[in-house]
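Note sheet for the following structure.
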Amino acid sequence: AQSVTQPDIHITVSEGASLELRCNYSYGATPYLFWYVQSPGQGLQLLLKYFSGDTLVQGIKGFEAEFKRSQSSFNLRKPSVHWSDAAEYFCAVGPNDYKLSFGAGTTVTVRA
Amino acid sequence: AAGVIQSPRHLIKEKRETATLKCYPIPRHDTVYWYQQGPGQDPQFLISFYEKMQSDKGSIPDRFSAQQFSDYHSELNMSSLELGDSALYFCASSLGRSVPGELFFGEGSRLTVL
């Protein structure tokens, strides 16, 4: 069975500070890993994805994530947060790109 | 650029009624996916269609059915509605399997069952 754990339900960060969102997954084989962002009342937007290859993945909006097989983790990072990054972030894992198991999400609040 | 269009954006129904949600994929996209996101929950994959044929099935209740039409738009039909069906229903589209992971999501249709 596949599952995702996002340990942090809510994170508050100051604008300009760095951000790291944790994601741990459980999957029997090499997974497809994703990070999605959802703003209130909006659909999910893909930030980045990992299938294979380089374990450090660059995404949109200045985000990156690192796949660590030994730790079953796929943490999302951004060096300097902007107020527009306030949203809910979902980590997802699956055998392909649509039959995903999502984590419970981490809500990011950005303070001025 | 055109995005995935879902209608209606909001829908209120009574228990045991029927609801139909529509999804218009990005032009030229031939694959449509439906997800259900309950209050405070993560999205759950319901069903997908590729070239008007059902391609995969997730946790879709038997009371729900869906289809994809010749113009590639899709409709999700929900009958005998229950309170627990209240959720945000997302549709996503992609261009076949050409670029794995490139799913584009609509803004969702919020169904409230009273």
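Starting from the eigenvalues of the Cα gyration tensor, five times each then square-rooted, give me the equivalent ellipsoid semi-axes of chain B, largest first, whole Å. Intermediate values should be presented prior to the final figure.
On the way: eigenvalues 107, 37, 33 Å².
One finds semi-axes of 23, 14, 13 Å for chain B.
Calculate the mean, over all residues of peptide A:27-39, of how many other protein chain Cβ atoms lie within 10 angstrom of the residue's Cβ.
Values: counts 0, 0, 0, 0, 0, 2, 1, 2, 0, 4, 0, 6, 1.
Average per residue, whole number: 1.
Mind giving me the FRET efficiency for B:S55 and A:R69? R0 is 41 Å, r the Cβ-Cβ distance, nearest 0.05 is fine. Don't skip to the end; give the middle numbers.
Details: r = 29 Å, r/R0 = 0.72.
Efficiency for this residue pair is about 0.90.
Could you please state, rounded to a whole Å, how far the C-alpha centre of the range A:54-112 is from the C-alpha centre of the range B:1-34?
Taking the Cα centre of the range B:1-34 as reference, the centre of the range A:54-112 is 27 Å away.
Hull surface divided by four, with the convex hull built on the Cα atoms of the protein assembly as shown: how many nm²? Each step should come with its number before you reach the end.
On the way: hull surface 50.5 nm².
Mean projected area for the protein assembly as shown: 12.6 nm², to one decimal.
Would you mind checking the range A:46-75 for residues with the amide N under 17 Å from a putative spin-label position 7 Å along Cα→C-beta of A:S18?
A:56-59, A:62-68, A:74-75
What does the charge count near A:Y25 come to, summing +1 for each Lys or Arg and -1 for each Asp or Glu among other residues with Cβ under 12 Å from its Cβ? Write out the running numbers ahead of the final one.
Working: positive: A:R22, A:K68, A:R69; negative: none.
Combined, the nearby Lys, Arg, Asp and Glu give +3.
Give me the lysines in straight-line cross-link reach of A:K61: C-alpha distance below 29 Å, same-chain residues under 8 apart excluded.
The reachable lysines, counting only those whose Cα sits under 29 Å from A:K61, are A:K49, A:K78, A:K99.
If I build a Gaussian network model for chain B, linking alpha-carbon pairs within less than 10 angstrom, which residue out of B:S74, B:S55, B:S93 has the largest mean-square fluctuation?
Judging by the Gaussian network model, the answer is B:S55.
Take the Cα gyration tensor of the range A:10-112, multiply each eigenvalue by 5, square-root it, and list the three semi-axes largest first, rounded to whole angstrom.
Values: eigenvalues 105, 42, 26 Å².
Largest first, the range A:10-112 gives 23, 15, 11 Å.
Output the relative contact order of chain A, whole-number percent, from Cα pairs under 8 angstrom with separation of 6+ residues.
The normalised contact order for chain A reaches 38 percent.
Give the share of C-alpha pairs in each 10 angstrom bin for the range B:53-110, from 0 to the last occupied bin, in whole percents, shortest bins first.
17, 51, 28, 4
Could you compute the FRET efficiency for A:T30 and A:S80, with r as their C-beta to C-beta distance and R0 at 35 Å, rounded to 0.05? Kindly include the intermediate steps, with their values, before the conclusion.
Values: r = 32 Å, r/R0 = 0.91.
Efficiency, rounded to the nearest 0.05: 0.65.
Given the Cα-Cα distance of B:N77 and B:K15 and 0.36 nm per residue of separation, how much length would full extension add, in nm?
Result: 20.9 nm gained on full extension.
Readers should treat all values here as calculations from the given coordinates under stated rules, not as data from a laboratory. If you're wondering where the values come from, they're calculated on a predicted model, not measured in any experiment. Note that each Cβ is placed from the backbone with ideal geometry, even for glycine, and that neighbours are counted across all protein chains shown.
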